1. Output the residues belonging to region 54-88 that are among the charged types (D, E, K, R), more than 11 Å from the ligand (Cβ to nearest atom), under 14 Å from the mean Cα position of the chain (by Cα) and in a loop (DSSP other than H, G, I, E, B).
2. If the Cβ limit is 9 Å and pairs must be 6+ apart or interchain, which residue in region 15-34 that is within 21 Å of PRO58 (Cβ to Cβ) pairs with which residue that is part of a helix (DSSP H, G or I) and basic (Lys, Arg)?
3. May I ask you to say which residue of THR66, THR84, THR110, THR105 is among the polar types (S, T, N, Q) and in contact (Cβ under 8 Å) with a residue 40 or more places away in the chain?
4. Of these, ILE117, ILE108, ILE104, which one is at pLDDT 90 or above, closer than 21 Å to ASN15 by Cα and either of a type in the set (S, T, N, Q) or in a loop (DSSP other than H, G, I, E, B) (or both)?
5. Say we look at region 1-29 and pick out the residues that are more than 12 Å from LEU113 (Cα to Cα) and among the basic types (Lys, Arg); which of these is nearest to the ligand (Cβ to nearest atom)?
6. If we keep just the residues of region 36-53 that are within 14 Å of the chain's Cα centre (by Cα) and more than 15 Å from the ligand (Cβ to nearest atom), which is nearest to THR84 (Cα to Cα)?
7. Show the residue pairs that are 6+ apart or on different chains and have beta-carbon atoms under 9 Å apart, the first residue being within region 1-12 and in contact (Cβ under 8 Å) with a residue 12 or more places away in the chain and assigned to a strand (DSSP E or B), the second being away from the ligand (no atom under 16 Å from the Cβ) and among the β-branched types (Val, Ile, Thr).
Amino acid sequence: MARERILVVEDNDANLRLVTFLLSSKGYDVRGASDAQQALLLLETFRPRLILMDLQLPGTDGYALTRRLKADPASRHVPIIALTAFAMRGDEEKAFAAGCTGYITKPIDTRTLPSRIAEYLASEPVSERTM
Ligand code: MN
């Protein structure tokens, strides 16, 4: 079985490396982008099964990028899980309104992240478009 592809959009380098390490070590094919522009460029060739989206990004933020991806037939089927700062109340509602299907709070809980991702993947049907 092919390794499942995950895109992580996160401008904090330490967070990006942490998430990439945790998920790569579980066998996922993980790519990272530090802003919306990089993410969109990567998505031209990389078809993820799931996207982890930091909401606070420089320039185009995670909400706007999520809305854009959800408006595009090429990417609207890809589940997007928001990465939200723990203290930011209200982020979750805004994330769902933008099109996210779930959220994970930061700081990242290294013990539970892989199982949370596995649950999200299991709850989302595999689209033929990601094959
Ligand atoms: Mn950020």
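1. Selection gives ARG76 alone.
2. From residues that are within 21 Å of PRO58 (Cβ to Cβ), the pairs are GLY32/ARG17.
3. Numbers: THR66 fails: in contact (Cβ under 8 Å) with a residue 40 or more places away in the chain; THR84 fails: in contact (Cβ under 8 Å) with a residue 40 or more places away in the chain; THR105 fails: in contact (Cβ under 8 Å) with a residue 40 or more places away in the chain.
After applying the criteria, what remains is THR110.
4. Numbers: ILE117 fails: either of a type in the set (S, T, N, Q) or in a loop (DSSP other than H, G, I, E, B) (or both); ILE104 fails: either of a type in the set (S, T, N, Q) or in a loop (DSSP other than H, G, I, E, B) (or both).
Criteria check complete, one pass: ILE108.
5. ARG17
6. Just the residues of region 36-53 that are within 14 Å of the chain's Cα centre (by Cα), to begin with: 36, 38-40, 42-43, 46-53.
When the remaining residues are screened for being more than 15 Å from the ligand (Cβ to nearest atom), the result is 40, 42-43, 46-50.
Numbers: LEU40: 20, LEU42: 22, LEU43: 22, PHE46: 24, ARG47: 23, PRO48: 20, ARG49: 20, LEU50: 16 Å.
Filtering first and then ranking leaves LEU50.
7. Correct list of pairs: ARG5/VAL30; ARG5/THR130; ILE6/VAL30; ILE6/ILE117; LEU7/VAL30; LEU7/VAL78; VAL8/VAL30.
The values are calculated or read from the model by the stated rules, or taken from the named source; none is laboratory data. Every value quoted in this text rests on a predicted model; they were computed, and no experiment measured them. All Cβ positions, even for glycine, are placed from backbone atoms using ideal geometry, and neighbour counts span all protein chains on display.
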